[in-house]
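**Student:** Structure provided below as structure tokens; questions to follow.
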């Protein structure tokens, strides 16, 4: 029997039992829709988050932090990473790093969480001590003033000048400026290393407000930080230790990244961990891959349930059609053609289910994304200083599309194999006698 | 007169069923020869083994002992696929028509040709001719449920003829039809045999019907008890 005839015979059989075939297909539709919706949303989320991170990233930088094998989020917020080691990075360690081949420059960073006080208003912010000159060289695209001027040598004046991030200047994003250029504000920091804990206050003048950076800014300049000159930070926080050192490297080749990383680790006898921004992104990707696998697994279960439904329906259908199979065999149909007819029915169900499922999943993903975006997903950064809403756009990759398609058909066919095999093995004389 | 190879031949054919725990000897050594052009009626009461014999001749079932030769080929040596091929050279007509309900008359007649891999146009043309032969050209778009018993059996006969079979195997072809229509059907069968030279093996319990055939074989309790040549 020709392939086309097998399919049209199978299609005729499906059309005869529209409701039943429809319900069987619905099972596949739901399973595939779940897979497509969950995965396209999570892929969209991954892209959104990666973009947000990258907007604060400079890919030609390395982050050096104390402790071997530090955590990935030891940047802003200061300290999920690190280790129990007694080793500390010093502000002056930049000199050692600058001598390494492939290093353009490096900036030590001291960071604490404090408050900015202006009149009755208080805004939580990261207080970050950096060398303005070096820092603006490392983050040339993000450490840029929107208003005012970043004085590259701020210690020359008698007044302590600071640079504030956009979210510190305008924390509610409605034009209520807490601290604008030339404004006088106080930085409040609680020293918890002494007993009793001591509040330290520091009067400063705002020299510049940074352009909005956006994103989560795990390692680079942040909208939620106030930048003070490193020497001021040292005396204010009473320490010569720094939280991390940002290193600008000559280029972003993997070889350079690796060579410089190794050289820095060696220079500190393995007491520091060096991470590249790219590595952080890779870690995030791999976390997302795991999440996607998990979501796909959940969705796949619903598809397996659909598969069991297909098998169930086909066995019932097989009983109803025993006589028909007997007739077909008496007319000279080969067992493998009977098998092919039943498998074709499953292929048709799978094909329809996958097609409608992908469509439905895509619609669901977009509806969900709209609801999320409308409501605003608050993503807490660091220690909850600021939260931002961002839009998720579901992404349907060709891999996901083909995968969903293939999976839908494969599940239908796999669960149809047993009933189809049973149908093909029916003995004609017994099948014809079947009432 | 030189006899060609018989189209169907059985040699000491035996079939034993196990019904529950009791063995039932449905066939107890049947020897039968059917020549090309024969119109053979196998006559016997129910339980005489005639349906079992028909299943053996139609390659639908396998004997317990003995052999069946169809066109000289020993059926017992054939595998599943070869049996399927063999069945295409046999035209089955059943008591309960056994048409596919969702296919219309012409669809049913086309089916064996589709199974044989014939192209769409070719089989449609042949199916139309066959339906014309059985006098149903006007009703070829009707589904079995929209046809009378007699019409259904005509469709079934047209279907049986679709692959130009070596012989027709008919199992009580008029058993489910009123007597007037039955006579018409028998007229058609007779015409096929006489005019077209189609070999026909028909089983029936109806003495009257059997007289239409050129040969009658009487069966009882799994054995042939009498053979009547009516020529």
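**Student:** Of everything in segment A:51-68 that's buried (at least 19 other Cβ atoms within 10 Å of the Cβ) and assigned to a loop (DSSP other than H, G, I, E, B), which residue is modelled with the lowest pLDDT?
**Tutor:** Residue satisfying both the conditions and the ranking: A:56.
**Student:** Please list, ordered by residue number, the strands (runs of 3 or more DSSP E) wholly in segment A:215-318 having 2 or more residues that are within 30 Å of residue A:204 (Cα to Cα).
**Tutor:** Filter on segment A:215-318 gives A:225-229, A:244-249.
**Student:** OK, next. For residues in segment B:101-110 being touching a residue at least 12 places away in the same chain (Cβ under 8 Å) and out of contact with any helix residue (DSSP H, G or I) (no Cβ under 6 Å at 6 or more places or on another chain), which is nearest to the other protein chains (Cβ to nearest Cβ)?
**Tutor:** Checked segment B:101-110; the qualifying residue nearest to the other protein chains (Cβ to nearest Cβ) is B:103.
**Student:** Counting only residues that are facing chain A (nearest Cβ under 9 Å) and within 24 Å of residue B:134 (Cα to Cα), which one in segment B:51-95 is surrounded by the fewest Cβ atoms within 10 Å (Cβ to Cβ)?
**Tutor:** Top of the filtered list is B:89.
**Student:** Just one of the numbered conditions (1) more than 20 Å from the chain's Cα centre (by Cα); (2) buried (at least 17 other Cβ atoms within 10 Å of the Cβ) is not true of residue B:157; which one?
**Tutor:** Residue B:157 satisfies every listed condition except (1).
**Student:** While we're on this one: Taking segment B:111-153 as the region of interest, how many residues are within 13 Å of another protein chain (Cβ to nearest Cβ), surrounded by 14 or more Cβ atoms within 10 Å (Cβ to Cβ) and not in a helix (DSSP H, G or I)?
**Tutor:** 3
**Student:** Ok, one more. Please work out if residue A:345 is surrounded by fewer than 24 Cβ atoms within 10 Å (Cβ to Cβ) and either more than 10 Å from chain B (Cβ to nearest Cβ) or free of Cβ contacts under 8 Å to residues at least 12 places away in the same chain (or both).
**Tutor:** no
**Student:** Against the definition (at negative phi, within 14 Å of chain B (Cβ to nearest Cβ) and either within 14 Å of the chain's Cα centre (by Cα) or surrounded by fewer than 19 Cβ atoms within 10 Å (Cβ to Cβ) (or both)), how does residue A:42 come out, yes or no?
**Tutor:** No, not satisfied.
**Student:** Sticking with this one: Does segment A:2-19 include one or more residues that are surrounded by fewer than 19 Cβ atoms within 10 Å (Cβ to Cβ), more than 14 Å from chain B (Cβ to nearest Cβ) and modelled with pLDDT of 90 or more?
**Tutor:** Within segment A:2-19, one or more residues are surrounded by fewer than 19 Cβ atoms within 10 Å (Cβ to Cβ), more than 14 Å from chain B (Cβ to nearest Cβ) and modelled with pLDDT of 90 or more.
The values are calculated or read from the model by the stated rules, or taken from the named source; none is laboratory data. Being a predicted model, the structure only gives us computed values, none of them experimental. No Cβ is skipped: glycine too gets one built from the backbone with ideal geometry, and neighbour counts run over all protein chains shown.
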